[in-house]
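Engineer: Below is a structure I'd like to ask you about.
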Amino acid sequence: MVQFDIITLFPRMFDTPLQESIIQRAQQNGLIRIFVHDLRNYTEDKHRTADDTPYGGGAGMVMKVEPIVKAIEAVTKASLKTHRILTGPQGAVFTQEKARRLRDHTHIVLVCGRYEGVDERVHNFVDEEISIGDYVITGGELAAMIIIDAVARLVPGVVGDMTSVVEDTFANNLLKYPQYTRPEKFRGLEVPGVLTSGDHGKIDTWRKTEALRRTLHKRPDLLQKANLTHKDKGLLEHIRKSRKTGVQK
């Protein structure tokens, strides 16, 4: 079981996303626990102030250190293996490998950044900062939802068939092979014959070949990190040669 504690200025943003689909069932089955905490409950003035103007001047507001640290300390539990994360644009980019490493923690605290960012001193009270990509969004709430979803899928029992998790895109730093379902023919477009052949050996080879082909075409950078077998490397070399000659088999 993994417990997530979310610290945010906008707790209502989590109402619907956390009560749907797999995430909802995982909570009902006791596989994960999610608690959302309003950061303003940890402020000390009557106006519940959680942000202020930056020292030195400049545009925008900065999230205050005191309420964030109070909230982190309030939700941290000595009995759990806690990992504290700040969501922000300057963190390491979130990946499937990162999701796998986070799965090893029994307690994850997510601090959602906002505005121009957080007081720099907050970094002394978190274990890492994570970004979901090189772009700007309004706040860290969406990033927290993505992290929770990606990590929760790796908890045994959350996804009914763990094979789908193992074979997911990025599971081995490869994009997933093409998928098809009924009907077999649609407006002149047909399902590849190998998938209806019943020959599981050929199907497995086709899927691995297409995963390699798709990764080489769309995300060749991933191949440098992929754990390829000797057979995989042979298939990849064949794909590369086919691309040069313009023939695909």
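Engineer: Yes or no: segment 127-146 includes at least one residue that is closer than 16 Å to Arg101 by Cβ, under 14 Å from the mean Cα position of the chain (by Cα) and in a helix (DSSP H, G or I).
Structural biologist: yes
Engineer: Against the condition over 14 Å from Val118 (Cα atoms), surrounded by 11 or more Cβ atoms within 10 Å (Cβ to Cβ), in contact (Cβ under 8 Å) with a residue 40 or more places away in the chain and in contact with a Phe, Trp or Tyr (Cβ under 8 Å, 6 or more places away or on another chain), how does Ile6 come out, does it pass?
Structural biologist: Working: over 14 Å from Val118 (Cα atoms): yes; surrounded by 11 or more Cβ atoms within 10 Å (Cβ to Cβ): yes; in contact (Cβ under 8 Å) with a residue 40 or more places away in the chain: yes; in contact with a Phe, Trp or Tyr (Cβ under 8 Å, 6 or more places away or on another chain): yes.
Here the answer is yes, as Ile6 does meet what is asked.
Engineer: Inspect segment 117-128 for any residue being in the same structural domain as Met13 (by TED's automatic domain parsing), among the basic types (Lys, Arg) and out of contact with any Gly (no Cβ under 7 Å at 6 or more places or on another chain) and give the result as yes or no.
Structural biologist: Going residue by residue through segment 117-128, those that are in the same structural domain as Met13 (by TED's automatic domain parsing) are 117-128.
Now drop any that are not among the basic types (Lys, Arg), which leaves 121.
Then keep just the ones that are out of contact with any Gly (no Cβ under 7 Å at 6 or more places or on another chain); that gives 121.
Checked segment 117-128: at least one residue is in the same structural domain as Met13 (by TED's automatic domain parsing), among the basic types (Lys, Arg) and out of contact with any Gly (no Cβ under 7 Å at 6 or more places or on another chain).
Engineer: If you scan segment 97-110, which residues turn out to be crowded, with 16+ Cβ neighbours inside 10 Å and in a helix (DSSP H, G or I)?
Structural biologist: Residues satisfying the conditions are Lys98, Ala99, Leu102.
Engineer: Can you pull out every residue in segment 77-96 that is in contact (Cβ under 8 Å) with a residue 40 or more places away in the chain and surrounded by 14 or more Cβ atoms within 10 Å (Cβ to Cβ)?
Structural biologist: Leu80, His83, Arg84, Ile85, Leu86, Thr87, Gly88, Pro89, Gly91, Phe94, Thr95, Gln96
To keep it simple, each residue is scored yes or no on (1) in contact with a helix residue (DSSP H, G or I) (Cβ under 9 Å, 6 or more places away or on another chain); (2) of a type in the set (Phe, Trp, Tyr); (3) farther than 30 Å from Thr8 by Cα.
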{"position": "Thr138", "(1), (2), (3)": "no, no, no"}
{"position": "Ala144", "(1), (2), (3)": "yes, no, no"}
{"position": "Lys176", "(1), (2), (3)": "yes, no, yes"}
{"position": "Pro183", "(1), (2), (3)": "no, no, yes"}
{"position": "Pro192", "(1), (2), (3)": "yes, no, yes"}
{"position": "Gln224", "(1), (2), (3)": "no, no, yes"}
{"position": "Asn227", "(1), (2), (3)": "no, no, yes"}
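Engineer: Tell me, yes or no, whether segment 70-91 has at least one residue that is within 18 Å of Arg121 (Cβ to Cβ), assigned by TED's automatic domain parsing to the domain that holds Glu120, part of a helix (DSSP H, G or I) and under 24 Å from the mean Cα position of the chain (by Cα).
Structural biologist: Yes, that holds for at least one residue.
Engineer: Looking at the structure I just gave you, is Gly58 out of contact with any Asp or Glu (no Cβ under 8 Å at 6 or more places or on another chain) and surrounded by fewer than 17 Cβ atoms within 10 Å (Cβ to Cβ)?
Structural biologist: Values: out of contact with any Asp or Glu (no Cβ under 8 Å at 6 or more places or on another chain): no; surrounded by fewer than 17 Cβ atoms within 10 Å (Cβ to Cβ): yes.
So Gly58 does not fit the description; no.
The values are calculated or read from the model by the stated rules, or taken from the named source; none is laboratory data. Worth saying up front: this structure is predicted, and the values here are computed from it rather than measured. Using ideal geometry, Cβ is built from the backbone for each residue, glycine included, and neighbour counts are taken over all protein chains shown.
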